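The values are calculated or read from the model by the stated rules, or taken from the named source; none is laboratory data. Quantities reported herein were computed from a predicted structural model and do not represent experimental measurements. When we count neighbours, we look across all protein chains shown, and the Cβ atoms used for this are built from the backbone with ideal geometry, even at glycine.
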Amino acid sequence: MLEREGFRKILFVGDLIPSPLAGFGTTLEKIRKQPDEVQQLVRATLRGIQYAKTNKQESVRAIMKWADMDQSFAEGSYEMAVTSWSNTGAANPQGVQIAMEEIKIEQKTETLPDPAKAFDWSFVQR
């Protein structure tokens with residue numbers, strides 16, 4: 001964003017470390033009792049991502065309104081974010097691995113958590 005003001009971009013961490021941080025979560029009970037609602041949320045989210053990717057100007061206007069920022073900052077925010085939006089809804093496997101390592105450190109456990117117990121990809125594979 002500040003490149004427009006003459007600053008040089010040195011590093012964007014997202015270019016080096018993929019992260020599965022964008023997403024949503026729910027309970028196992030919700031998945032068991034209302035899988036259709038979860039599936040609808042996943043589909044709507046993926047449609048929204050595709051819309052945002054193919055309608056940059058409208059997406060930038062939405063960012064400007066939502067975040068109360070000027071156009072140049074909204075465009076920069078869009079450019080930084082758009083590369084991290086998944087087309088399929090699935091996270092980058094390397095990003096999942098990094099997240100599991102972070103959880104291990106935070107929880108002070110001996111072994112890495114099992115991603116299969118934290119993520120249910122069945123809703124994005126349909």
Take region 50-98 and flag every residue that is more than 13 Å from the chain's Cα centre (by Cα), under 30 Å from residue 114 (Cα atoms) and in contact (Cβ under 8 Å) with a residue 40 or more places away in the chain.
94, 98
Region 36-70, residues that are of a type in the set (Asp, Glu) and in a helix (DSSP H, G or I)
36, 37, 58
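Table: residues versus (1) surrounded by 12 or more Cβ atoms within 10 Å (Cβ to Cβ); (2) farther than 30 Å from residue 51 by Cα; (3) polar (S, T, N, Q).
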{"position": "77", "(1), (2), (3)": "yes, no, yes"}
{"position": "82", "(1), (2), (3)": "yes, no, no"}
{"position": "86", "(1), (2), (3)": "yes, no, yes"}
{"position": "90", "(1), (2), (3)": "yes, no, no"}
{"position": "97", "(1), (2), (3)": "yes, no, yes"}
{"position": "100", "(1), (2), (3)": "yes, yes, no"}
{"position": "104", "(1), (2), (3)": "yes, yes, no"}
{"position": "107", "(1), (2), (3)": "no, yes, yes"}
{"position": "117", "(1), (2), (3)": "no, yes, no"}
Do we have residue 22 as hydrophobic (A, V, I, L, M, F, W, C) and at pLDDT below 85 here?
yes
I'm trying to understand the selection: among the residues of region 27-75, which are within 17 Å of residue 123 (Cβ to Cβ), crowded, with 16+ Cβ neighbours inside 10 Å and among the β-branched types (Val, Ile, Thr)?
38, 42, 45, 49
Output the qualifying pairs, or none if there are none: Cβ atoms under 6 angstrom, residues six or more apart or on different chains, first residue in region 102-126 and farther than 13 Å from residue 90 by Cα, second residue assigned to a loop (DSSP other than H, G, I, E, B).
103/113; 104/112
Can residue 122 be described as of a type in the set (Ser, Thr, Tyr) and either within 27 Å of residue 10 (Cβ to Cβ) or part of a loop (DSSP other than H, G, I, E, B) (or both)?
no
